[in-house]
1. Hey, can you grab everything whose amide H is under 5 Å from the amide H of Val107? Only 5+ residues off in sequence or another chain; H modelled, so Pro and N-termini drop out.
2. Rounded to the nearest Å, what's the spacing between the alpha carbon centres of the stretch 15-71 and the stretch 87-166? Just the number, please.
3. With springs connecting C-alpha atoms under 10 Å apart, model the chain as a Gaussian network and identify which of Pro35, Pro52, Pro102 has the largest mean-square fluctuation.
4. Identify which of Glu58, Glu128, Glu88 has the largest mean-square fluctuation in a Gaussian network model of the chain, with springs joining Cα atoms closer than 10 Å.
5. Students often get this wrong, so try it: which of (1) 10, 37, 35, 16, 2; (2) 9, 34, 34, 17, 5, 0; (3) 10, 36, 39, 15, 1, 0 is P(r) over Cα pairs in 10 Å bins from 0, in percent as calculated from the structure shown?
6. For the chain, what is the calculated [θ] at 222 nm in deg cm²/dmol (nearest 500), taking -39500 (n - 2.57) for each run of four or more DSSP H residues and dividing by its residue count?
7. Taking N as the number of residues in the stretch 53-146, what value does Rg over Cα atoms divided by 2.2 N^0.38 Å take?
8. Taking K and R as +1 and D and E as -1, what net charge do the other residues with C-beta under 12 Å from the C-beta of Asp142 add up to?
Amino acid sequence: AGEGGRDRGGLARWRGRELAGRLGVVCEGRPDDFPATVMETAMIGRHPYRSPWQRESEAEVALAQAALRRLDREHLASRLVSTLSGGERQRVSLATVLTQAPGWWLVDEPTNHLDLHHQVATMRLLEEQASAGCGVVMCLHDLNLAARWCSHLLLLYPDVEACWGP
């Protein structure tokens with residue numbers, strides 16, 4: 001335990017670049033104020049692995065293309081993210097983390113703005129990541145999706161004790 005009795009061995013011991021390579025984050029909604037294309041956004045996932053002025057390799061570009069193809073967004077590679085719908089942006093966010101290839105995925109409402117078909121595809125992708133050895137921690141408000149796809153649940157209620165289990 002470190003100062004104040006708090007453990008300093010967890011995330012605090014990792015440098016920023018190391019943490020950025022190990023932990024992928026998909027937010028429920030994120031601002032896309034920076035004018036970037038879908039491909040440029042997917043390539044952000046490779047930033048933790050390159051030095052500041054290093055150009056992306058052909059292998060990294062291929063990884064981003066494969067991620068966009070996996071999320072059915074490859075045909076939008078040259079479009080500005082700001083021109084996409086909410087569901088398209090959500091799938092680009094997932095493709096960015098897939099390009100990053102972290103050991104842990106933290107996802108907040110990954111099915112937000114998605115129709116049923118794409119919700120299932122997204123949950124299938126997250127299940128594949130977990131089966132491949134990645135940790136996947138997600139926040140879901142849809143209990144049907146949680147019951148179908150999650151191995152363990154933590155249910156949080158206002159003013160009531162939390163419950164958890166398989």
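1. The answer is Val26, Val137, Met138, Cys139.
2. What the calculation gives is 19 Å, centre to centre.
3. Sorting by GNM fluctuation, first place goes to Pro52.
4. It is Glu58.
5. (2)
6. Roughly -11500 deg cm²/dmol at 222 nm, from the helical runs in the chain.
7. Against the empirical 2.2 N^0.38 Å value, I get 1.10 for the stretch 53-146.
8. Counting the neighbours of Asp142, the net charge comes to 0.
Every number in this text was worked out from the coordinates using simple rules, so none of it is lab data. Only a predicted model underlies this, so the values are computations on that prediction, with no experimental measurement involved. Here Cβ is always computed from backbone atoms with ideal geometry, including for glycine, and neighbour counts include all displayed protein chains.
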